[in-house]
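Read the structure below first, then the notes.
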Amino acid sequence: MSVEIIPSILVKTKEEFLDKVITIEPYADQAHIDVADGIFVPNMTIDGVEELEEVESSLRFGVHLMVSKPENHIHRWLQTQVERIVFHIEATKKSREIIDAAKEGEKLIGIALNPKTPVSEIEPFVDSVDFVHFMTVEPGFNGGAFVDSVIDKISDFHYFYPDKEIEVDGGVTPETAPRLIAVGATLLVVGSYIWQNHDAGKAIENLKNLI
């Protein structure tokens, strides 16, 4: 499988959102919108749906729902242009309902797990989702510390599910990216390394050159 670099957008205002979309558009094929509700994670971001409705972009979009009870949010996102939706196993008791709704809405659906959450929590749903989203930082903010033990967790998962697409989110840099690719990751969601670089386009290219 080929590996793709996906810039993430975690912002608090519509203006920030539009600015970041414009910044990465020449260098990426898709973007990852982080949505946080201040409940599941302590941070709170833009709503996302409203901001996306006002965007005209060549980018494809996915959304990462870092929200409590994502079953209450997914139906709004099914009406948007997003192609991919990620929800957290830790945030709901209605994973099956969410997966079924996404399939019915013809969206790709991924299930996320935090660094401390064992893979056993998602095993009942692995065959039903399009990809699994591994957090390598604690979710909610840009710039979290990379949790090295998740690499072994990804490696074990890839061994047992070699055909399941793996997305990794958090602490992706030129140092960690090769290690993540080596254990089976094909989608690398990148935030801080891009946005803390004075040249976001060059940062994206640096990561692409590693692939």
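The table that follows gives values for the structure above.
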{"quantity": "Residues being touching a His at 6+ places or on another chain (Cβ under 9 Å) and either of a type in the set (Lys, Arg) or outside any helix (DSSP H, G or I) (or both) - total across segment 95-128", "calculated": "7"}
{"quantity": "Asn209 being polar (S, T, N, Q), surrounded by fewer than 23 Cβ atoms within 10 Å (Cβ to Cβ) and in contact with a helix residue (DSSP H, G or I) (Cβ under 9 Å, 6 or more places away or on another chain)", "calculated": "no"}
{"quantity": "Evaluation of Val137 against (1) of a type in the set (A, V, I, L, M); (2) crowded, with 21+ Cβ neighbours inside 10 Å; (3) outside any loop (DSSP other than H, G, I, E, B); (4) touching an Asp or Glu at 6+ places or on another chain (Cβ under 8 Å) (one fails), failing number", "calculated": "(3)"}
{"quantity": "Residue ranges of strands (runs of 3 or more DSSP E) in segment 15-88 with at least 1 members among the charged types (D, E, K, R), free of Cβ contacts under 8 Å to residues at least 40 places away in the same chain and farther than 22 Å from Val126 by Cα", "calculated": "60-66"}
{"quantity": "Which numbered condition Thr80 misses (of (1) modelled with pLDDT under 95; (2) in contact with a Leu (Cβ under 6 Å, 6 or more places away or on another chain))", "calculated": "(1)"}
{"quantity": "Tally of residues being touching an Asp or Glu at 6+ places or on another chain (Cβ under 8 Å) and surrounded by 14 or more Cβ atoms within 10 Å (Cβ to Cβ) across segment 47-62", "calculated": "5"}
{"quantity": "Subset of segment 104-135 [of a type in the set (D, E, K, R) and either farther than 22 Å from Ile6 by Cβ or touching a residue at least 12 places away in the same chain (Cβ under 8 Å) (or both)]", "calculated": "Glu104, Lys107, Lys116, Glu121, Glu123, Asp127, Asp130"}
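A quick yes/no check of all residues on (1) exposed (fewer than 13 other Cβ atoms within 10 Å of the Cβ); (2) small (Gly, Ala, Ser):
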site	(1), (2)
Glu121	no, no
Asp127	yes, no
Asp169	no, no
Val183	no, no
Gly191	no, yes
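The values are calculated or read from the model by the stated rules, or taken from the named source; none is laboratory data. Given the structure is predicted, the values throughout are model-derived calculations rather than measurements. Note that each Cβ is placed from the backbone with ideal geometry, even for glycine, and that neighbours are counted across all protein chains shown.
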